[in-house]
Every structure is written in C-alpha cells, then in structure tokens.
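All of the numbers you see were taken from the coordinates with simple rules; none came from a lab. Please read all numbers here as calculations on a predicted model, not as lab measurements. Virtual Cβ from ideal backbone geometry, glycine too; neighbours counted across all protein chains shown.
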C-alpha cells in the first residue's frame with residue numbers, strides 16, 4: 001500500500017469501540033433522561049462511532065491531506081477559473097467586525113458592512129459597465145434566475161405578455177437553459193457557426209416578437225470572443241428583447257470589455273471564479289447581478305442605499321413596489337462578498353486589467369505549445385481558456401480524453417475539464433489562469449507530451465491510469481447506474497485500493 | 001455499417017417501419033458519442049408525440065440529452081428493461097436497446113427521413 005492508501009484507512013465506524021470517546025464534555029445530570037417526556041425518547045441510542053479525540057482528528061487530517069487543491073498544485077479546470085486565492089482575503093473575511101455581525105443587527109450598528117457592500121456594488125457595476133448591482137443571489141445560477149426574472153418583470157410591466165422564449169446558444173453553460181425554464185420561458189437553442197461563434201442566420205430566424213431575451217456567454221465556452229456581438233445585440237434590441245450576459249468568463253475581459261457598454265442589459269458575476277472567493281463545496285457562494293437602466297426598477301429588495309448624509313441603510317419593505325422582491329435572506333452571503341471586496345481593492349483597476357491580460361496570455365501560451373501535441377480545433381487567438389481535442393489521438397491509438405485526464409493525475413496535475421463543451425469531440429477545456437508561473441505551464445505541456453508518447457508506446461498504461469492516486473480509476477457508469485450511498489462495512493471486493 | 005433497413009434522423013435516432021408501427025432507438029454513433037449511458041426516461045404509454053420534439057431523456061456519464069421523436073404518433077410500448085439495464089443502449093443499440101414503439105400518425109413522415117447511405121454520409125462528415 002502507498003502512504004496515501006494507508007491514510008484512506010478504515011472509516012470512523014470501523015474504528016469505533018464501545019465506550020470510547022472524548023470524555024471532556026460536562027456530563028448531563030444523572031436524572032437527565034427522566035426529565036424528557038417518554039414519547040420523545042429514542043428506543044435505542046444513535047449508532048454513532050465511538051472514537052477518541054486524537055483518532056478523530058487524525059482521521060480527518062489524513063483525509064484532508066488526500067485532497068488535491070489549488071493550494072497543492074496546478075488546477076487548469078476550464079470554465080471554472082481555479083485561480084489561486086490570496087490569503088489576505090481570508091484574513092479580511094475573518095475580521096470580527098464582519099464575521100461576528102449579527103444578521104439582524106440594525107443598520108446603525110452595521111454601517112461598516114453596509115458601506116463595504118455598497119462599495120462592492122459600485123466596483124462590480126464599473127467592471128461590468130452596469131448601472132447598479134445586487135449582491136443577494138447566493139450563486140451564479142441563482143444570479144441567472146434573478147436576472148431572467150427581472151427580464152420577465154420588465155416585459156410584463158410594459159404590457160408585453162407574448163414574450164415566451166429565451167434564445168440560448170448551444171455552446172452556453174447548462175445553467176442558461178435551466179434558468180430560462182425555471183423562470184417559465186421556453187428555451188430555443190441556437191447552433192454555433194464553424195468558427196465557434198453564434199450562427200447569425202439561425203439566430204435571426206429564431207428571433208422575433210416571442211423572444212424575451214438572449215443569453216450569451218462572452219467569451220464563449222470555447223474560449224473565444226464573440227466577434228459578431230454588436231450585430232447580435234443590435235438585432236436583439238430591434239426585436240424588443242433584452243440581452244443577458246453570462247459573466248462566468250469575466251476573468252478574461254476585465255478592464256478591456258465592459259458588457260454594459262456593448263449593450264448587455266443584465267449580467268451575473270461569479271465571484272468564486274474572478275474575485276477569489278472559495279469554490280463550491282456546498283458552502284456559501286455569491287452571484288451578484290448587474291443591470292442597465294431598463295432593469296433598474298426591478299432589482300431585488302432590499303437595496304443598500306446611501307443617504308445624503310453619507311449613512312447607509314437598507315430599503316424598507318414595500319419602499320420600491322417594482323422590485324421582484326427578495327431572492328435571498330438578509331443581504332446575501334456577506335463573508336464571501338468581503339473576500340471579493342478585498343481582492344478588488346488589493347488589485348485596483350490597473351491590477352484587475354493585468355489579471356485578465358495575464359490570464360489570456362497564459363491560455364494562448366499553453367494553446368500554442370500544445371498545438372503539436374493535441375488537436376486544437378479553433379486556431380484564432382483564444383481568451384482565458386481554449387479547447388483541445390484528442391480526436392486524432394483516439395483514431396490513431398484508441399486512447400480517449402478520459403484516459404489522458406486520468407494519466408495526468410499520475411503526473412501530479414489536476415485534469416482539465418473534459419467532454420465539455422459538447423460541441424467538440426473528445427474535448428479538453430483548459431484554463432490556466434493568471435496565477436501560474438511559466439515553469440508550471442511548461443511542466444504541464446511536458447506531461448501531456450509524455451502522455452501522448454505513452455498512448456502510442458504503451459496504451460494499456462493509460463487505460464488503467466491513474467496508478468499513483470489514493471483510489472484507482474472509478475467505475476463511473478456503475479456508480480451512476482447503481483448508486484449505493486449507504487455505508488456498510490467494506491469487505492473483499494468492495495475494498496478500494498486492493499493493491 | 002449501419003442497418004440498411006432502417007430510417008435515420010440528423011439527431012441520430014433510428015426508426016424501423018412495420019405496417020403502421022414504428023420502432024425507435026438511437027444509433028450506434030449516438031451511443032458511442034454519449035459514452036456509458038446510465039439512465040433513460042421514456043414517455044408514458046398512450047401519449048401522442050410530435051415529430052422532432054423531445055419525448056424522453058438519455059443520461060450518460062458525460063451529459064444529459066433529449067430523445068426526439070423521429071416521427072409523430074402514439075406511444076404504444078416502451079422498453080421497460082432499459083430502466084434496469086440502460087447499458088443495452090451501448091451494447092446493442094439496434095436490438096435489445098430499442099426504446100419506443102409508436103403507432104404512426106402519418107406514414108409519409110418516415111419516407112422523408114434519411115436512408116442508411118445518407119446517414120452514413122452524415123456521420124462520416126462529423
């Protein structure tokens with residue numbers, strides 16, 4: 001067994017021994033059980049593992065050390081912007097004035113937090129070229145829903161009740177059609193042109209009096225700037241529809257392209273991608289939404305207002321009847337927003353522009369260096385990410401993108417996004433971000449070069465990869481077909497890592 | 001080689017016409033592109049379906065895709081075995097992996113679909 005394999009070790013349930021525990025918590029009085037009404041008592045005790053505190057600590061610390069993270073290595077996960085998050089942002093979020101503020105604190109004692117959030121709204125509005133921003137949505141997907149609900153409110157406010165369709169390019173994020181459906185619209189998919197942009201002919205054919213909005217991700221999911229954007233947005237507005245910008249790829253364009261100035265009416269921002277807040281994991285997130293003049297009246301309430309005397313307050317209930325209402329408790333996930341604020345203020349305008357320039361430079365460097373290793377379907381310069389493909393390698397050797405991804409783990413890299421976008425066969429979506437050194441990028445190229453050589457010389461080595469990870473290749477198909485989510489003691493063939 | 005006696009759509013469904021009945025499935029090419037299929041959702045019996053509209057869902061380890069009706073008609077049978085063994089779509093797409101039987105609403109619709117030669121030309125381009 002490898003060192004990692006040892007750490008995978010038995011579960012807490014298997015380590016459990018009757019009567020073992022921490023024992024430092026004050027014991028309840030002897031008659032505690034008698035004080036609880038008989039009907040509320042459990043028939044038997046909960047079947048929780050009984051382990052000592054050091055056993056518990058070691059179990060979780062060892063598990064945590066199996067984790068692959070941006071803090072341990074290169075993580076070029078396309079469409080996800082896995083940049084390194086500066087630790088000073090964590091410091092800021094932990095300041096007691098922010099972290100210990102009670103959510104029901106009256107405005108008078110929450111001035112610091114309200115000011116920070118108000119200033120963050122101003123910064124994000126400037127970055128996006130938008131008139132105003134709401135920080136309420138708890139994630140990008142909720143931001144999308146908030147944006148499209150405002151679009152719906154806008155059309156209805158004008159008595160325009162026939163707009164039932166949202167146009168979504170086929171290269172868009174899966175959340176876009178899901179958002180349109182959730183908001184009660186029918187999704188109309190627009191195909192891509194061969195150059196990776198939106199097919200303008202198909203777009204014009206679909207656009208009409210039933211169109212409520214188009215949702216565009218720019219740069220697109222194949223990492224390309226939408227070259228016909230002005231033409232698309234002019235046509236959208238001529239048809240009386242609105243333009244939604246999915247800001248998932250904002251890391252490519254800061255300081256260079258402001259979506260609001262190009263005609264977008266609404267956009268969301270994924271602060272966990274561009275502004276260094278933690279990624280997912282089920283924890284709190286934030287998906288601020290920016291709007292132009294048309295949607296300003298419909299922003300969620302309560303907005304954060306600055307009074308003429310410089311004090312800040314939250315809107316009161318019913319103060320702005322055109323609002324679509326509240327989309328999140330309180331004012332959003334404040335701890336996450338403090339990190340985004342710290343990141344923006346630490347960089348400043350010129351620093352954020354440099355972030356995007358370096359992200360684009362790194363992606364183009366990798367793309368150029370990999371162009372004789374893998375297929376690169378779109379030859380024009382990319383933005384912050386690019387698509388490679390193993391289609392030719394598969395035809396020659398039978399090695400698929402999945403095999404390459406698994407083998408990259410053996411070389412110490414997190415694999416890029418694979419099989420997305422769906423419009424490219426055997427796709428790898430690679431996003432290096434601005435935070436990686438040229439030595440790291442070169443090492444990644446060298447690993448892929450070696451893997452392609454292995455594909456020709458020893459394909460079985462790739463079929464059975466990874467070889468050095470805590471668990472070997474997982475059977476994703478069986479896991480999805482027969483999801484067995486309940487723990488039971490591991491025996492024989494079920495034991496992971498048999499070697 | 002794809003079976004010569006079937007008709008095909010650009011969305012990679014196949015249809016076998018017998019009298020006024022149509023058997024529907026997805027092609028080997030579609031199954032290969034999707035990867036290991038893990039879940040299938042089929043329309044309820046008796047439902048009227050319209051040609052080229054989404055009537056079901058196919059989920060693979062890679063993606064969730066719509067199943068489109070290649071022809072209009074009424075659903076008279078669906079392959080219940082696929083719920084326990086969706087992998088039959090990968091292993092035998094033209095046989096045990098069939099998905100629906102439809103009672104045709106318009107016999108001429110099937111004639112307008114691609115034949116085997118035209119479908120092979122389509123997948124060769126891709």
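Counted over the stretch B:7-107 with a bin width of 5 Å, the fraction of Cα pairs per bin, in whole percents, is 3, 15, 27, 28, 18, 7, 2, 0. Counted by neighbouring Cβ atoms within 10 Å, the residues A:384, A:414 run from fewest to most as A:414, A:384.
Can you bin chain A into rounded, prolate or oblate? Criterion: square roots of the alpha carbon gyration tensor eigenvalues sorted a ≥ b ≥ c, rounded for a/c under 1.5, prolate for a/b above b/c, oblate for the rest. Because a/c hits 1.5 or more and a/b fails to exceed b/c, chain A counts as oblate.
So which residue, out of B:28, B:66, B:106, gets the largest mean-square fluctuation from a GNM of chain B using Cα contacts under 10 Å as springs? Taking springs between Cα atoms under 10 Å, the residue moving most is B:106. Note on residue A:102 and residue A:131: the extension gain reaches 7.5 nm, defined as 0.36 nm multiplied by sequence separation minus the Cα-Cα distance.
For the stretch B:101-122, the residues whose amide N sits under 18 Å from a probe point set 7 Å from the Cα of residue B:74 along the beta carbon direction are B:101-108. In chain A, helical runs assigned H by DSSP with n ≥ 4 each contribute -39500 (n - 2.57); averaged across all residues and rounded to the nearest 500, the mean residue ellipticity at 222 nm is -11000 deg cm²/dmol. Distance from the alpha carbon centroid of the stretch B:12-28 to that of the stretch A:218-254 works out to 40 angstrom. Please report the spacing between the Cα centers of the stretch A:138-167 and the stretch A:33-103 in Å, no decimals. With the stretch A:138-167 and the stretch A:33-103 each reduced to a Cα centre, they are spaced 37 Å. Site pair residue A:36 and residue B:48 shows an inter-label distance of 6.0 nm when each label is modelled 7 Å from Cα along Cα→Cβ.
Centroid-to-centroid, using Cα positions, the stretch A:445-459 and the stretch A:345-418 are 16 Å apart. Under 16 Å from a label point set 7 Å out along the Cα-to-Cβ vector of residue A:450, the amide N atoms of the stretch A:372-408 belong to A:404-408.
Two decimals, Cα atoms only, Kirkwood Rh: what is Rg/Rh over the stretch A:3-64?
Using only Cα positions, Rg/Rh for the stretch A:3-64 is 1.12.
Taken along the Cα-to-beta-carbon direction at a fixed 7 Å, the label points for residue A:195 and residue A:13 span 5.8 nm. With each label modelled as a point 7 angstrom along the Cα→C-beta vector, the residue A:61-residue A:296 pair spans 5.6 nm. If R0 equals 30 Å, the separation of the Cβ atoms of residue A:178 and residue A:205 corresponds to a calculated FRET efficiency of about 0.80.
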